[in-house]
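Data block below; observations after.
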Amino acid sequence: MDLSPALIFIVGLYLASAGAGLALEFLNLKRLNERWGEVPPGFEGHIDGDSLARSREYTIENARLAMAEKLAGSIAALVFVLFLLKPYDRWIASLGGGFIASGAVFFMLLLFAEALVSAPLAFWRVFRIERKFGFSAMTPGLWAADLAKSIAISSALAFFFICAALWIVSLSPGLWWFWIWVLFLGFTIFMMYVSPHLIEPLFNRFDEVEDPGLRDGIREALQKAGIRAGKVLKVDASRRTSHTNAYFTGIGSVKRIVLYDTLLKKLGTEEIISVLAHEAGHWRGRHLLKGLMAAALIGFAALYISHRVIETGLLARALGFEGASFYAHIVLLGLLASIAAFYFIPIFAWLSRRRERGADRFAAEITGDPSSMASALIKLSRDNLSNLHPHPLYAAFHYSHPPVAERVWELRKMGEGA
């Protein structure tokens, strides 16, 4: 096909961002290979040579798979846009459906294709990498059941959202961007209420923490934090993995702190309370609400810009897609958005790391025991085979949490200043 200068330029930008992502992976691996045997300050006596060697090997295997995913995804996206989008768009039009029905078929088939392509790589991660390093407890049957449920749920939700959005476009050609933004915001809040009760229990079992001493410690920590006690639950993560984690989810009456049962087995009571106090720091800092507000503002701007671009037809003409459908315009805008998103990644990562540091400080203040949080992080990084020597540029782009060695050092300094 004949490529317009604008399309060549955009493809160049896309390849440049993909290449930069691969370069960051190589930088990260290079630094790891140079420094993997060094024990960071504060980890002495907790990490041995075998743990460091296993961490290096685990990081390398995951990085290779991540690079393969990135490369395959980039190639698939470009091949589709450059060679398949026009005939695919014409084929959808030839089916003779209405605007909503045709759009639903257009986007749902793309979502199914993406799921089909990503499934083998996900299978490899679980049954090759995670099992090799002793993390995966997944059986093929459980993996297949999880995949089937995930596809069914995501397909149903996507179908509803796509049809609702296209219905809005058909009803309000001039203001569809605003009403879809309202739909997006309402749908997101609705899912934050519904997911903890209806979706998450389809995959895991959630129970109240049983240990009386731990329950009392949790209650005391929440009272010190000035937080009305929501639910603190343990999840049966060990059915699938031996990785350890904790997270804060939900809003309003369904807000909860969730602790992996694997974490409860591997940490002491004071360490668990420190981890919970960290999650309470996110709660107290309203980080979830702030994240939702940021997403709403970005979505508002993105939808308005999309409306203006589609309305003028400038993008389609510049890229050689005159006469393309509304759906094809969305795909082209998605390509542009993926390029822009790459350059915003470090900004959002920095904001996330800032919140994590704030949650660490909050945990240290509430418990009065920063050493327990530091000890918990050391154990979690050791058990999860975390990379203790990430490249600073890679961490700046991709780490939602500060590198664990930095967090431990900062917590140790808090303890010395207490």
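Values in this text are rule-based calculations from the coordinates and carry no lab data. Predicted, not measured: the structure shown is a model, and the values here were computed from it. No Cβ is skipped: glycine too gets one built from the backbone with ideal geometry, and neighbour counts run over all protein chains shown.
Figures for the structure shown
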item: Gyration tensor (alpha-carbon) shape descriptor, segment 131-261, a/c threshold 1.5; result: oblate
item: Karplus 3J(HN,Hα) series, Hz, for segment 243-248 with 6.51 cos²θ - 1.76 cosθ + 1.60 (x for Gly, Pro); result: 4, 10, 6, 8, 7, 10
item: Where only C-alpha atoms are counted, convex hull volume of segment 267-401 per residue in Å³; result: 135 Å³
item: Calculated FRET efficiency for the pair Glu61/Lys86, C-beta based, R₀ 60 Å, to 0.05; result: 0.95
item: Ascending count of other beta-carbon atoms within 10 Å, so fewest first, for Arg35, Arg240, Arg354; result: Arg354, Arg35, Arg240
item: Total charge dipole magnitude, segment 68-190, about the Cα centre, Cβ charges on Lys, Arg, Asp, Glu only, Debye to nearest 20; result: 280 debye
item: Per-residue ³J(HN,Hα) for segment 206-212, Karplus 6.51 cos²θ - 1.76 cosθ + 1.60, θ = phi - 60°, Hz, x for Gly and Pro; result: 10, 10, 5, 4, 8, 4, x
item: Relative exposure of Tyr327, Tyr14, judged by other C-beta atoms within 10 Å (fewest first); result: Tyr14, Tyr327
item: Fewest-first ranking of Ile227, Ile218, using other Cβ atoms within 10 Å as the exposure measure; result: Ile227, Ile218
item: Residue-span extension gain [Glu365 to Ser195] - 0.36 nm each, minus C-alpha spacing; result: 58.0 nm
item: About the Cα centre, charge dipole magnitude for segment 166-238 (Lys/Arg +1, Asp/Glu -1 at Cβ), debye; result: 260 debye
item: Percentage, to the nearest whole number, of Cα pairs in segment 19-149 over 24 Å apart; result: 54 percent
item: Rounded to 5, percent antiparallel among DSSP beta bridges of the chain; result: 60 percent
item: Whole-Hz couplings from phi, Karplus 6.51/-1.76/1.60, listed for segment 327-333; x for Gly and Pro; result: 5, 5, 4, 5, 5, 5, 5
item: For segment 249-347, the spread of Cα positions along each principal axis, largest first, Å; result: 64, 26, 23
item: Non-local Lys pairs in the chain, i.e. 8 or more apart or on different chains, that have alpha carbons under 19 Å apart; result: 11
item: Computed P(r) (all Cα pairs; segment 189-311; 10 Å bins; percent); result: 12, 38, 30, 12, 7, 2, 0
item: Computed [θ] at 222 nm, deg cm²/dmol, the chain (DSSP H ≥ 4; -39,500 (n - 2.57); rounded to nearest 500); result: -24000 deg cm²/dmol
item: Share of pairwise Cα separations in the chain, more than 31 Å, in percent; result: 49 percent
item: 5 angstrom amide H check on Lys231, placed H, neighbours 5+ away; result: Ile257
item: Distance between segment 284-336 and segment 1-43 - C-alpha centres, whole angstrom; result: 25 Å
item: FRET efficiency, 1/(1 + (r/R0)^6) with R0 25 Å, evaluated for Leu333 and Leu15 via beta carbons; result: 0.85
item: Given charges at beta-carbon only (K, R positive; D, E negative), |dipole| of the chain in Debye; result: 320 debye
item: Net length gained if the chain between Asn204 and Lys290 were fully extended (0.36 nm per residue, minus Cα distance); result: 28.2 nm
